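For reference, the structure is listed below as structure tokens.
The values are calculated or read from the model by the stated rules, or taken from the named source; none is laboratory data. These numbers were taken from a predicted model, which means no experiment stands behind them. A quick note on method: Cβ atoms are made from the backbone with ideal geometry, for glycine too, and the neighbour counts reach across all protein chains shown.
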Amino acid sequence: MNNFLKFGIPLVLFALLGGFLFVGLQRDPGYVPSPLIGKQAPEFSLPSLQDAGYPVNSSELRGRAWVLNVWGTWCGGCRQEHDTLLAIARTKAVPMVGLNWKDDNAAAQEWLRRLGNPYSVVAEDSEGRVAIDWGVYGAPETFLIGPDGKVLFKHIAPMTMEVWNAEFLPRIQAANAGAPATQG
Amino acid sequence: MTQTFTKLARTLVATLLLAFAGTALAIDAEKAFEDPALQARYEHINRELRCLVCQNQTIADSNATLAQDLRREVREMIAAGKSDDDIREFMIERYGDFVLYRPRMTASTFLLWATPVLLLLLGTFIGIRYVRRQAALADADSPEAGQS
């Protein structure tokens, strides 16, 4: 009994601590789970990047699943994911709305001309207020919003085809299947 | 010999002072509130909110663009007469509990808050037992206990 206490307890504590540390190593400390998941997406009305006179209203996107991609020309990860976004846009699976976050308008337009434009429409968030409403803390971030306006998923980091196929596509299909009135 | 040492020490102190001089500069470039009470509240809240890009800094310590924007939100909400709780709630709704440097007491943070108390109780328990046992042993060894 005494031997068990002397050696057993420290051994158990050590194993417990090691277990916690090991699990901690596998987790990404930069990942902050979004409290928005499952909640109504924040509404916004912003000028369009290409035509300031034409507002982009999130309320007009109701009825179908859509994707919000937060980007900026100052963001390295955005350049990295751009070709993936173009490939996704070509599949026409879902409308992709860009949120141009605290960027230079001319630089952003030039970026889209030069690299190609994956977005159905780009909203210009020059003051970063909409980004704060959405809890954005590091571009690129990609949200999936359901037909009912609820946030279904958020991906933080450059988009990849693997993430798109595994996390986004199934959710888009399920969400749009649940709202058949708006299809076609 | 001592002279070289003094010189070396002086250089070392000067280098250290220089290295930390940067932190003496104010990060927040915005104009202060006219009312010092509001300014105090503003600074206090900023010191409790995490800058999410630079995770181990508060938004008062950081000059990341996001920290500047969050400070702007805090400033505007204070000016609009919102309470500290309103402001905290605004941040939690958007960024989750992680935005708070002092986590709230919830079901998922209960262990975090309770562990120090539990460890203290456990330590006291073990300590008392140990002392009692030592005392019992000492009693057994003392001549009054009988056969020595």
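Every listed requirement among (1) touching a residue at least 12 places away in the same chain (Cβ under 8 Å); (2) away from chain B (no Cβ under 14 Å); (3) out of contact with any strand residue (DSSP E or B) (no Cβ under 6 Å at 6 or more places or on another chain) is met by A:K92 save one, (1).
Among the residues of the stretch A:16-48 satisfying the criterion of being of a type in the set (A, V, I, L, M) and surrounded by fewer than 10 Cβ atoms within 10 Å (Cβ to Cβ), which is farthest from the chain's Cα centre (by Cα)? Ranking the qualifying residues of the stretch A:16-48, first place goes to A:L21.
A:G77 meets each of the listed conditions (1) of a type outside the set (S, T, N, Q); (2) touching a residue at least 24 places away in the same chain (Cβ under 8 Å); (3) in a loop (DSSP other than H, G, I, E, B); (4) within 14 Å of chain B (Cβ to nearest Cβ) apart from (3). Condition check: free of Cβ contacts under 8 Å to residues at least 12 places away in the same chain and facing chain A (nearest Cβ under 10 Å). Does B:E93 satisfy that? Yes; evaluated as a whole, the condition is true for this residue. Is there a residue being part of a loop (DSSP other than H, G, I, E, B) and either within 14 Å of chain B (Cβ to nearest Cβ) or modelled with pLDDT under 90 (or both) anywhere in the stretch A:3-24? Checked the stretch A:3-24: no residue is part of a loop (DSSP other than H, G, I, E, B) and either within 14 Å of chain B (Cβ to nearest Cβ) or modelled with pLDDT under 90 (or both). Could you say whether any residue in the stretch B:47-61 is modelled with pLDDT of 90 or more, part of a helix (DSSP H, G or I), within 12 Å of chain A (Cβ to nearest Cβ) and surrounded by 10 or more Cβ atoms within 10 Å (Cβ to Cβ)? Looking through the stretch B:47-61, none of the residues is modelled with pLDDT of 90 or more, part of a helix (DSSP H, G or I), within 12 Å of chain A (Cβ to nearest Cβ) and surrounded by 10 or more Cβ atoms within 10 Å (Cβ to Cβ).
Within the stretch B:75-127, the set of residues being among the hydrophobic types (A, V, I, L, M, F, W, C), over 30 Å from B:L38 (Cα atoms) and surrounded by 10 or more Cβ atoms within 10 Å (Cβ to Cβ) comprises B:F110, B:L112, B:W113, B:A114, B:L118, B:L119, B:L120, B:L121, B:L122, B:F125, B:I126. The set of residues in the stretch B:96-116 that are within 14 Å of chain A (Cβ to nearest Cβ), free of Cβ contacts under 8 Å to residues at least 24 places away in the same chain and either within 17 Å of B:E73 (Cβ to Cβ) or not hydroxyl-bearing (S, T, Y) (or both) comprises B:G96, B:D97, B:P103, B:R104, B:L111, B:L112.
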